[in-house]
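A.B. asks: A single structure is presented below for examination.
The values are calculated or read from the model by the stated rules, or taken from the named source; none is laboratory data. Remember, predicted model here, so these are calculated numbers, not experimental data. Don't worry about glycine lacking a Cβ; one is built from the backbone with ideal geometry, like all the others, and counts go over all protein chains shown. For the accessible areas, the whole protein counts, side chains as well, though only heavy atoms, and no ligand, DNA or RNA atoms are used. Shrake-Rupley method; radii C 1.70, N 1.55, O 1.52, S 1.80 Å.
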Amino acid sequence: MAHLALAGGPPLRQKPFPHWPIWDQEEVDAVQAVVSSGRWGATQGTEVRHFEEEFAAYQDATYGIAVVNGTVALKLALTAAGIGVGDEVIVPGYTFVATATAALEIGAVPVFADIDPHTYTLDPEHAAACITPRTRAIVPVHLGGRPADMEAIRSLAQRHDLMIIEDAAQAWGASWMDAKVGTLGDIGGFSFQASKNITAGEGGMMLCNDPAIGEMARSLSNCGRQPDGLWYAHYVLGGNYRLSEFHGAILRVQLRRYPEHLQRRQANAAHLERGLAEVEGIATLHQDRRVTSNAYHIFFFQYRAEAFGGVPKDRFIKALQAEGITGAHGGYSLPVYRQPVMQADNFGLATRPLFHGVYPHTPDYRTVALPVTDRACDEEAIWIRHNLLLGDRQDIDDIVEAVLKIQQYHDELQA
Ligand SMILES: Cc1ncc(COP(=O)(O)O)c(C=O)c1O
C-alpha cells in the first residue's frame with residue numbers, strides 16, 4: 001500500500017490551515033460606516049487620509065500616499081524620483097513582474113541583476129556589474145518580506161549617484177538594522193492586494209521622507225493637482241490613482257491587527273526554520289543579523305532534488321500539497337526576463353509606443369541568463385504562504401513532517 005498521498009496513500013493532514021484574509025465584524029462595521037456616511041471617495045472622507053498617516057507612522061515615514069495598487073505605487077514612485085524615458089533601472093530577476101513592468105510603463109529600461117543565493121534578494125555585486133552610464137536607479141525588492149542588503153545597495157547608489165526605489169510590496173513592518181523599510185532609499189512602494197499580509201483586496205502606498213518627492217507623488221496620484229491649486233488645475237502628467245474610502249476603512253482595521261499577526265508569523269517561522277534545518281537536502285535562507293524584522297509574506301526554503309531521489313521540484317510540490325500542506329507553492333515559475341512579455345517579439349509589441357524613436361537601446365532580454373534566479377525558479381525555491389505561519393506549532397510541525405515523509409517514500413513518486 002502507498003504511503004504518500006500523491007501515490008494514493010493517506011494524507012498527513014486534512015485540517016485546513018488558517019484561511020486568508022482574516023477579518024471579523026470590525027471590517028464589516030468599518031465598511032458599513034463608509035456606506036452610511038455617503039462619503040465614498042478619498043477626496044470626501046477621512047478613512048484613506050487616516051490610513052496614510054497610520055501606515056506612514058507604523059513604517060516611521062513622513063509621507064504616505066495611498067494609491068490603487070502596488071504596481072501603480074512603484075510606477076509613480078519611479079516617476080516622482082525623476083526616472084523616465086530611456087533611464088536604466090536595475091531590478092532583480094527574481095521578483096513579481098510588476099517590479100520591472102512599472103519601469104517599462106514609464107519608458108524606463110529594466111536591467112536585470114541576479115539575486116544572492118542565500119537570501120533571494122538583489123545581489124549588490126551583480127547590481128554593481130550592471131551599471132552603465134545610463135543607469136539612474138536601483139530597485140531592491142524586499143522579497144517575501146526579507147529586507148535586501150540596504151547597506152551595500154545604499155553605498156552603491158551613493159557611489160554612482162543613483163536613486164533608490166524600494167519595492168516593499170511584500171514588506172510591511174520589515175526592518176533593516178532596526179530601520180523600517182520604505183524610506184531606506186528615496187521612496188518605496190507597498191501593496192495591499194488580496195494575497196498580501198495587510199489587504200483590502202487591492203491597494204498600494206508610497207512612502208518617503210523628502211517633501212519634494214512626496215508632493216510630486218501626491219500630485220501624480222491625484223490628476224496632477226497641487227495642494228493649493230484649483231480642482232480643475234492640473235500641473236503634472238498624473239492620473240486618478242486614488243484609493244477609495246472603502247479600501248481605506250478596511251486597511252485601517254487590518255493595520256490594527258497586523259502587529260500581533262507579524263509576531264505570530266515570526267515566531268512560527270523561527271520554529272519552521274529549526275525544524276527544516278534538520279532535514280537533509282533542505283536549506284533555509286541565511287538569517288542576516290541586520291534583518292531585524294522579516295515580514296514573512298513568503299517563507300522560502302531551498303529544495304535539493306538529489307536528497308529526494310531526483311524528484312523534480314514540481315512533483316515535490318504536488319506531493320506536499322497532497323499531504324495537506326496546501327499553502328506550499330513553487331513560486332515564480334519564470335524569472336521576469338523569461339516572461340513572454342519580455343521576450344523579443346512580444347516585448348517589441350508591448351513597448352513600441354514607448355521606445356519608438358526615443359530610445360535606441362531596446363534591450364534583448366533573450367540573452368539574459370542569471371544562474372541563481374534561474375535555479376530558484378526552475379529547481380530550488382519552495383514557498384510557504386504567510387497564512388500557514390498564522391497557525392499553531394502543530395501546523396508548523398506538519399510541514400516538516402510532510403517533507404520528511406516525502407523524503408522517506410520518494411520512490412513512490414518515480415513515474
Ligand atoms: C514584489 C512585488 N512587487 C510589486 C507588486 C505589485 O503590487 P500589486 O499587485 O498591488 O499591483 C507585488 C504584488 O503583487 C509584488 O509582490
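A.B. asks: For the stretch 57-77, check the following and say yes or no: at least one residue is away from the ligand (no atom under 13 Å from the Cβ), assigned to a helix (DSSP H, G or I) and touching a strand residue (DSSP E or B) at 6+ places or on another chain (Cβ under 6 Å).
C.D. replies: Within the stretch 57-77, not a single residue is away from the ligand (no atom under 13 Å from the Cβ), assigned to a helix (DSSP H, G or I) and touching a strand residue (DSSP E or B) at 6+ places or on another chain (Cβ under 6 Å).
A.B. asks: Hey, any hits in the stretch 250-264 for a residue that's more than 23 Å from W383 (Cβ to Cβ), in contact with a Leu (Cβ under 6 Å, 6 or more places away or on another chain) and either assigned to a loop (DSSP other than H, G, I, E, B) or of a type outside the set (A, V, I, L, M, F, W, C) (or both)?
C.D. replies: The answer is no; no qualifying residue exists.
A.B. asks: Within the stretch 168-186, is even one residue within 11 Å of the ligand (Cβ to nearest atom), on the phi < 0 side of the Ramachandran plot and surrounded by fewer than 24 Cβ atoms within 10 Å (Cβ to Cβ)?
C.D. replies: Scanning the stretch 168-186, I find no residue that is within 11 Å of the ligand (Cβ to nearest atom), on the phi < 0 side of the Ramachandran plot and surrounded by fewer than 24 Cβ atoms within 10 Å (Cβ to Cβ), so the answer is no.
A.B. asks: Taking A269 as the residue in question, decide whether it is aliphatic (A, V, I, L, M) and either within 16 Å of the ligand (Cβ to nearest atom) or without any contact (Cβ under 8 Å) to a residue 12 or more places away in the chain (or both).
C.D. replies: So A269 fails the test.
A.B. asks: Inside the stretch 301-339, can you point out the residues that are among the aromatic types (F, W, Y) and over 14 Å from V403 (Cβ atoms)?
C.D. replies: Matches in the stretch 301-339: Y332, Y337.
A.B. asks: Right, next: Could you tell me whether N197 is in contact with a Phe, Trp or Tyr (Cβ under 8 Å, 6 or more places away or on another chain), away from the ligand (no atom under 16 Å from the Cβ), touching a residue at least 40 places away in the same chain (Cβ under 8 Å) and not hydrophobic (A, V, I, L, M, F, W, C)?
C.D. replies: So N197 does not fit the description; no.
A.B. asks: State which residue is nearest to the ligand (Cβ to nearest atom) when the search covers only the stretch 200-224 and only residues that are farther than 21 Å from E105 by Cα and crowded, with 20+ Cβ neighbours inside 10 Å.
C.D. replies: Looking at residues that are farther than 21 Å from E105 by Cα and crowded, with 20+ Cβ neighbours inside 10 Å, I get A200.
A.B. asks: Moving on. Can you find, within the stretch 119-139, the residue that is farthest from the ligand (Cβ to nearest atom) among those that are open to solvent by less than 10 Å² (accessible area, probe 1.4 Å) and farther than 16 Å from A108 by Cα?
C.D. replies: Only one residue tops the list, namely A127.
A.B. asks: Among the residues of the stretch 90-118, how many are crowded, with 22+ Cβ neighbours inside 10 Å, in a loop (DSSP other than H, G, I, E, B) and within 15 Å of the ligand (Cβ to nearest atom)?
C.D. replies: 3
A.B. asks: Could you grab the pairs with beta carbons closer than 8 Å, sequence gap of 6+ or different chains, first residue in the stretch 216-245 and more than 19 Å from T79 (Cα to Cα) and among the polar types (S, T, N, Q), second one open to solvent by 100 Å² or more (accessible area, probe 1.4 Å) and not in a helix (DSSP H, G or I)?
C.D. replies: These pairs meet every condition: S244/W40.
A.B. asks: I'd like the residue in the stretch 118-175 that is out of contact with any Asp or Glu (no Cβ under 7 Å at 6 or more places or on another chain) and among the β-branched types (V, I, T) and, out of all such residues, is farthest from H261 (Cα to Cα).
C.D. replies: I131
A.B. asks: Taking the stretch 24-46 on its own, how many of its residues are open to solvent by 80 Å² or more (accessible area, probe 1.4 Å) and without any contact (Cβ under 8 Å) to a residue 40 or more places away in the chain?
C.D. replies: 3
A.B. asks: Select, from V368, V358, the only residue that is at pLDDT below 95, open to solvent by less than 50 Å² (accessible area, probe 1.4 Å) and either aliphatic (A, V, I, L, M) or under 30 Å from E273 (Cα atoms) (or both).
C.D. replies: Every option except V368 fails the conditions.
A.B. asks: Among the residues of the stretch 87-111, which ones are of a type outside the set (D, E) and out of contact with any strand residue (DSSP E or B) (no Cβ under 6 Å at 6 or more places or on another chain)?
C.D. replies: Result: F96, V97, A98, T101, A102, L104, I106, G107.
A.B. asks: Hey, another quick one. Could you list all residues from the stretch 181-198 that are touching a helix residue (DSSP H, G or I) at 6+ places or on another chain (Cβ under 8 Å), over 16 Å from G144 (Cβ atoms) and not small (G, A, S)?
C.D. replies: Of everything in the stretch 181-198, those that are touching a helix residue (DSSP H, G or I) at 6+ places or on another chain (Cβ under 8 Å), over 16 Å from G144 (Cβ atoms) and not small (G, A, S) turn out to be L184, D186, I187, F192.
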